[in-house]
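J.: If you scroll down you'll find the structure; I have some questions about it.
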């Protein structure tokens, strides 16, 4: 997949330093954002919130301004994207970087004034081939989920496309017994009983479930995974019911 299309025509970068000694680049770019033959002036000013943490920014296009905020970022960058090369518009991506590899992307477009169209948060990257879609990778603990976004409403809104299932190919070995169910319902019948030593392949995930544990919302623990055994049988199970009963998965983050 082609990397984000950088369309920098001209930029001036001003650098300041925060307490974390990370650079914050206040950036000015000149580009034709809406194919009207007029060069637009895009300026983004970043400022670290020393009291509350995070980073604020102000986007100004041709004198019209919008403000935004990254809760966990320490420095920022500005990129131009062309998510749909078939329309007349370019998108502005303001990127917030933190202490890890997970970044936040805030997307804007220009109509009569600058307009916020959507975001991708906690992802490794944001890429497009100009076909009206953007993709990014989101870390799920032991595998990387490829999220997909579609530019809709004539380029004024970026919508995440949620799939019912996402494919995986993660091998592991059971260290204890557990049951795989016929469908994604806690009271559904048992499809197969896994025993310690069984070789398994996690082949799909349904990331939609969320359950309130009482203290916090835990997205990961209640996600459904489809697991196939060495005999070819398969079934569904929530992560919380097998996470401590397998080995071989590489956990990070």
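The values are calculated or read from the model by the stated rules, or taken from the named source; none is laboratory data. The shown structure was predicted, so the numbers you read here are calculated from the model rather than taken from an experiment. With ideal geometry, Cβ positions are generated from the backbone for all residues, glycine too; neighbour counts draw on all protein chains shown.
J.: (1) farther than 17 Å from residue 110 by Cβ; (2) at pLDDT 65 or above; (3) surrounded by 14 or more Cβ atoms within 10 Å (Cβ to Cβ): which one isn't true of residue 53, the others all being true?
T.: All conditions are met except number (3).
Residue by residue, here is whether (1) more than 30 Å from residue 232 (Cβ to Cβ); (2) within 15 Å of the chain's Cα centre (by Cα); (3) surrounded by 14 or more Cβ atoms within 10 Å (Cβ to Cβ) holds:
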position: 145; (1), (2), (3): no, yes, yes
position: 159; (1), (2), (3): yes, yes, no
position: 166; (1), (2), (3): no, yes, yes
position: 171; (1), (2), (3): no, no, no
position: 177; (1), (2), (3): no, no, no
position: 189; (1), (2), (3): no, no, no
position: 196; (1), (2), (3): no, no, no
position: 207; (1), (2), (3): no, yes, yes
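J.: Examine region 239-246 for a residue that is more than 19 Å from residue 146 (Cβ to Cβ), at pLDDT 95 or above and surrounded by fewer than 14 Cβ atoms within 10 Å (Cβ to Cβ), and state whether such a residue exists.
T.: Yes, because at least one residue in region 239-246 is more than 19 Å from residue 146 (Cβ to Cβ), at pLDDT 95 or above and surrounded by fewer than 14 Cβ atoms within 10 Å (Cβ to Cβ).
J.: Residue 125 passes all but one of (1) closer than 16 Å to residue 158 by Cα; (2) at pLDDT below 95; (3) part of a strand (DSSP E or B); which number fails?
T.: (3)
J.: Of all the residues that make up region 112-137, how many are touching a residue at least 60 places away in the same chain (Cβ under 8 Å) and surrounded by fewer than 20 Cβ atoms within 10 Å (Cβ to Cβ)?
T.: In the first step, residues of region 112-137 are kept if they are touching a residue at least 60 places away in the same chain (Cβ under 8 Å); the result is 125-130, 135.
Those left that are additionally surrounded by fewer than 20 Cβ atoms within 10 Å (Cβ to Cβ): 125, 127, 129-130, 135.
Total meeting the criteria: 5.
J.: Turning to a different aspect of this structure: Considering region 65-106 alone, what residues qualify as being closer than 16 Å to residue 123 by Cβ and either surrounded by fewer than 16 Cβ atoms within 10 Å (Cβ to Cβ) or in contact with a helix residue (DSSP H, G or I) (Cβ under 8 Å, 6 or more places away or on another chain) (or both)?
T.: 71, 99, 100, 101
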